[in-house]
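Worksheet for the structure shown next.
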Amino acid sequence: MNAKRAYVQTARAAAAAQTRQRILDATVALVLRQLSMEIVLNDVAESAGVSVQTVLRHFGSRDGLFEAAAAHAVQQVAAERRAPVGDIAAAVQTLFDHYERWGEVMLRLLAQETRDPKAYAVTEQGRGTHRDWVGEVFAPMLAARSSDARETITDLLVIATDLYTWKLLTRDRRLPREQAEARVRHLITAILGESR
């Protein structure tokens, strides 16, 4: 009897976890397509194939859902942005892959951040994540520098690899990706070379 009850509880827990994951995935997918302020719980529930009540049971409120979805997206972003440490070409390629997937939604969130505290929380976390990524990926090139020089170079590398740099080159200038990546690599090598 106890073994059967444990099996049922385990199966229920697994089903609940799958439902939660489906709701989070649906929320992130909707945010990729439209402004987060426009998304209502009915949209999420319909997209996830559940009821609004199920969404509320898992997350408590729309705010709770969006906080959990933001954390879920941050995990996805961290996994997508992993790049070999010290490899400039691989880092730029990885970054462009990431921006091709998330760039438009990130730009929408940045446009909302002054009006929506939740968008601001996401973009502020994104800025920190990007700076950490720069510090990690370019660590070998920064290691021998003084503390002040490391800060300065990190600031410049953050700018060179920023979302707006990608937007300027690929959307505003309409450069082919290959050319845009080459320009970012050139910026990075110039920053690292001139900062010695």
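The values are calculated or read from the model by the stated rules, or taken from the named source; none is laboratory data. Computed from a prediction, not measured in an experiment: that's the story for all the values here. Cβ placement follows ideal geometry from the backbone for every residue including glycine, while neighbour counts extend to all protein chains displayed. For the accessible areas, the whole protein counts, side chains as well, though only heavy atoms, and no ligand, DNA or RNA atoms are used. Shrake-Rupley method; radii C 1.70, N 1.55, O 1.52, S 1.80 Å.
Applied to region 77-84, the Karplus parametrisation 6.51 cos²θ - 1.76 cosθ + 1.60 on θ = phi - 60° returns per-residue 3J(HN,Hα) values of 5, 4, 5, 5, 8, 4, 9, x Hz, with x for Gly and Pro. When only alpha carbons are used to place a centre, region 119-196 and region 27-57 end up 34 Å from one another. Here the convex hull built on the C-alpha positions of region 157-196 has a volume of 48 cubic angstrom per residue.
Computed on the chain, with alpha-carbon pairs under 8 angstrom and 6+ residues apart, the relative contact order is 17 percent. Scaled against the 2.2 N^0.38 Å expected of a compact globular protein of N residues, the Cα radius of gyration of region 74-196 reads 1.05. Only one residue of 157, 141, 107 has its Cα farthest out toward the positive end of the dipole of region 89-178, where Lys and Arg carry +1 and Asp and Glu -1 on Cβ, and that residue is 107.
Expected output is a single nm value to one decimal: the length gained when fully extending between residue 25 and residue 11, i.e. 0.36 nm times separation in residues minus the C-alpha distance. What is it?
2.9 nm
Taking every alpha-carbon pair under 8 Å whose residues sit at least 6 apart, region 40-139 reaches a relative contact order of 22 percent. Between residue 76 and residue 182, the contour length at 0.36 nm per residue exceeds the Cα-Cα span by 35.6 nm.
Average 1/r across all pairs of distinct alpha carbons in region 53-125, invert it, and you get the Kirkwood radius: 13.9 Å.
The residues of region 49-196 present an accessible area of 54 Å² per residue when probed at 1.4 Å with all protein chains retained. Per residue, the convex hull spanned by the Cα atoms of region 122-167 measures out at 66 cubic angstrom.
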